[in-house]
Structures are given as C-alpha cells and as structure tokens.
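I have placed the structure first, in the form of structure tokens, so that the comments after it can refer back to it.
The values are calculated or read from the model by the stated rules, or taken from the named source; none is laboratory data. Because the structure is a prediction, the values reported are computed rather than measured. Positions of Cβ are backbone-derived with ideal geometry, glycine not excepted, and every protein chain shown enters the neighbour counts. Side chains are part of the model used for accessible areas, which takes the heavy atoms of the whole protein and leaves out ligands, DNA and RNA. Shrake-Rupley method; radii C 1.70, N 1.55, O 1.52, S 1.80 Å.
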Amino acid sequence: MNYADHFKAALDSIRREGRYRVFADIKRRRGAFPTADRFIDADQRQITVWCSNDYLGMGQHPKVIAAMHEALDTVGAGSGGTRNISGTTHYHVELEAEIADLHGKEAALLFTSAYVANEATLSTLQKLLPGCVVFSDEKNHASMIEGIRHGNGQKRIFRHNDVADLEAKLKEYPRETPKIIAFESVYSMDGHIAPIAAICDLADKYNAMTYLDEVHAVGLYGPRGGGIAERDGQMHRLSIINGTLAKGFGVMGGYIAGDRDLVDAIRCYAPGFIFSTSLAPVIAAGALASMRHLKSSSVERERHQERARTLKARLKEIGIPVCENPSHIVPVMVGDPVHCKAVTDTLLDRYGIYAQPINYPTVPKGTERIRLTPSPQHTDEQMDALVAALTELWQACPVSQGKTVRLAAE
C-alpha cells in the first residue's frame, strides 16, 4: 500500500468539492479589536475580523489581561499536571465556584474545551445510567454527537426544535427508562434558539434529564450572562448546563454545571477529564476575571445585540440573503462551497475583511454560508466598509436560488 497516495487522494477529494480549508495567519492587535495583522510570506497587512467567536471582545478587556499578567507573574505558565495530580490550583477552584454561581447550580467542572466537556460528559452519563436513551436535536454540535455515539447507548434524533416530534419519541419508552434530552440554546450556524421551557416541560412529564449546551449564549444573554436559560428563567429546571470560556468570556476552556453528586460522578468517571492536563492557571485567571465582570456589566451585551440587529437590517436593505433568526448570529447564505470561498477570499484579499467560509461538515452540503459575528467593538465605519464590499460583490455575483455565480476574478 502506498500510504502517501491515500492521503493525497483524500485531500484532492476535498479540494475538488471546494471545501479545502486554509488558515488565515493573523495576529490580533491588543486593545484594537477587531483589527488584526494578516501575514502572507513576508507581507503584513491590517484587516478587520468579522468572524471571531470572541463575541464581546473580552479577550482584549483590560481586566482580563491584567488578571492573566498577575497569574503569570505569581504562579508561572503551566498547571503542572492533571487535576488529580498537582494540576488543581486556587484559580481553578475559584473559577468552578464562579461558574456554579453563574448557573445557579451546586457545582461545576472545568475541561480544556467545551468540545471535551460535551464528549466526556455525554459518553460518561450513558455508562453511569445503564439502559439510558439519549434524545438528541438533529442540529446538535459535533461534540454532542460524538459524546452520544461514544456512550454506546440507544439514541433517538428528534427534528430541530420540534417539541411535538420529541414528545412522540419520548412516549415510546416507559417512564422508568433513563432518558436524557440533549439540545443547544443558540444553534451557532443558523442562530435558532431552543424552546427551553417546552423541552423542560416534556422532561418533567416523561421523567428525563436535560442536558443544555449554552456555548453560544453564556456571557451574551441573561441579566448576569448565564445564557438563554437564565434569560428565560429556566436554569433551575436543567440537569446539566454545558458552557465555554472561549466565546462570550473571550479566553479558553469549557465546563459543565449541575448538582454536586452528578458533577462529582463525571469528575470521577470521565476519561476526558481524568487524563487531561488542566487549564493553565493564567487562562483560568483570565476567565475568572471575565466572568466576574460580565456578571455585573450589561453594557457589552446591550451593545452586542444592537450591532447584530443593525448589521442584519443593513444587509437585508441591500438584498443580501441573511438567514432569519432571533439571536446574534448573522449567517449570509451562499449555497455552494466554491462560490462561498471565492467571496470570502475576495473580501480578505481585496477589501481587508476577514470572514471565514462555512461549509460541510460544519453545515450540510448546499447550505454553505458566510457567518458574520459583529461585536460591541465593531464601529459604524467598519460596518459601512463591510456592507459596501458585500454590495459590490453581490452585484458582481447575483444570487440565484440561494447560490452565487462565479466571481469575475476567479
């Protein structure tokens, strides 16, 4: 067997489909978000970032940076081990207490990412609950899907945000059968928001646990940044809440929050937690400062929502196909991977606007899109530049049935 030929063929297949991914080599400018420097060989050029998941720009906040400097100067760089073997610092303990408080839960547990938190928790729950059936929204994140799959239990997929379909599937099982309903609050590619209260009603009715992924909502919604569940007054009804420290809070890491014994069981049984080096103290310190700030400040959330509303309205005015949704996500639908990449390449190369193309497997084939993420720091002038660039490109690439024609520059 020629191994190299197999790898090359796999890559060639992705290239033919137009979904080969190229990393943009950038360096964010401290204190000047969303501007950054882009590097191409020896060339350096200023760009504006329109696709960052640092939704509120907290990765640049003075309190966060100061806390990280203090931690670095106090304890050094790394954590030194797993949480069980010297890797639990006072920063981790404080941050877990802060997370539990944010979500109104007894306990919380830190992971290196929200992906790991989802995969480790959902797979471990099924091993702790023999005969468990997991009911999963069809648009759940890949990390949830992998966790459910690795649990090797029975799973049922219900139609996206469809409580009637969920109930029909729940009815098929006796009340005493262990059940978990796994879903997200904000679905990051479409911007849909889950009917949390209605799903919790079904969980109560059919004796099911609830597992809510709030990754694209924590820090952004609710009086203290607790997410959609806090905004809707539903946090107390959820068995487990999963969140991230890498988006609304602007740093890195993931977590779960829930009842003390449940969280402790995951701590004791989940390989993804037990065998992973813990977050560096400097990261935990930055996340702690970010969370504490956003619990008491709504300025960032209010400005963020205004920027998202404004951008959606302006794009609709010029006929850009924005997917309707009630959240901060701004998906511009293209519908073809080659065309989508052509548009985003031109935005970056010609206009200095960085917006990453989103294609399969992140979204289904035929629904390729440009996912824009306005932040509180994006100015009117930067929005003017984005709207003007998209106006020019859409005039050159008219939309037909959700797909663009090729750019003249291709």
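Taking every residue in region 33-51 that is over 14 Å from Glu381 (Cα atoms) and pairing it with any residue that is of a type in the set (Phe, Trp, Tyr) and surrounded by 18 or more Cβ atoms within 10 Å (Cβ to Cβ), at least 6 positions away or on another chain, the pairs with Cβ-Cβ distances below 7 Å are Cys51/Tyr354. Inside region 352-390, residues that are in a loop (DSSP other than H, G, I, E, B), under 23 Å from the mean Cα position of the chain (by Cα) and either closer than 30 Å to Val299 by Cβ or of a type in the set (Ser, Thr, Tyr) (or both) make up a count of 11. It is to be established whether one or more residues within region 118-139 are without any contact (Cβ under 8 Å) to a residue 40 or more places away in the chain, in contact with a helix residue (DSSP H, G or I) (Cβ under 7 Å, 6 or more places away or on another chain) and open to solvent by 60 Å² or more (accessible area, probe 1.4 Å). No: region 118-139 contains no residue that is without any contact (Cβ under 8 Å) to a residue 40 or more places away in the chain, in contact with a helix residue (DSSP H, G or I) (Cβ under 7 Å, 6 or more places away or on another chain) and open to solvent by 60 Å² or more (accessible area, probe 1.4 Å). When Ala142, Ala114, Ala71 are checked against the criterion of being surrounded by fewer than 15 Cβ atoms within 10 Å (Cβ to Cβ) and hydrophobic (A, V, I, L, M, F, W, C), a single residue qualifies: Ala142. Among the residues making up region 266-278, a single one is open to solvent by less than 40 Å² (accessible area, probe 1.4 Å) and of a type in the set (Phe, Trp, Tyr): Phe273. Counting only helices (runs of 4 or more DSSP H) wholly contained in region 228-286, the ones carrying 2 or more residues that are aliphatic (A, V, I, L, M) and within 20 Å of His192 (Cα to Cα) occupy 228-231. Within the set Phe111, Phe135, the sole residue that is among the aromatic types (Phe, Trp, Tyr) and within 19 Å of Thr244 (Cα to Cα) turns out to be Phe111. Mind checking which residues of region 230-265 are crowded, with 24+ Cβ neighbours inside 10 Å, in contact with a strand residue (DSSP E or B) (Cβ under 6 Å, 6 or more places away or on another chain) and among the hydrophobic types (A, V, I, L, M, F, W, C)? Once the filter is applied, which keeps residues that are crowded, with 24+ Cβ neighbours inside 10 Å, in contact with a strand residue (DSSP E or B) (Cβ under 6 Å, 6 or more places away or on another chain) and among the hydrophobic types (A, V, I, L, M, F, W, C), region 230-265 yields Leu238, Ile240, Ile241, Ile256, Ala257.
Among the numbered conditions (1) touching a Gly at 6+ places or on another chain (Cβ under 8 Å); (2) buried (at least 17 other Cβ atoms within 10 Å of the Cβ); (3) closer than 29 Å to Ile228 by Cβ, the only one that Gly104 does not meet is (2).
Screening Ala9 against (1) of a type outside the set (D, E, K, R); (2) more than 30 Å from Gln382 (Cβ to Cβ); (3) buried (at least 20 other Cβ atoms within 10 Å of the Cβ) leaves a single unmet condition, (3).
Looking across region 289-338, just one residue is in a loop (DSSP other than H, G, I, E, B), open to solvent by 30 Å² or more (accessible area, probe 1.4 Å) and hydroxyl-bearing (Ser, Thr, Tyr), and that is Ser298.
Each residue in region 15-62 was checked for being outside any loop (DSSP other than H, G, I, E, B), among the β-branched types (Val, Ile, Thr) and open to solvent by 70 Å² or more (accessible area, probe 1.4 Å), and 1 of them qualify.
Output the residues belonging to region 93-124 that are assigned to a strand (DSSP E or B) and touching a Leu at 6+ places or on another chain (Cβ under 9 Å). Ala107, Ala108, Leu110, Phe111, listed by residue number. Of all residues in region 125-160, those that are in a loop (DSSP other than H, G, I, E, B) and under 18 Å from the mean Cα position of the chain (by Cα) total 5.
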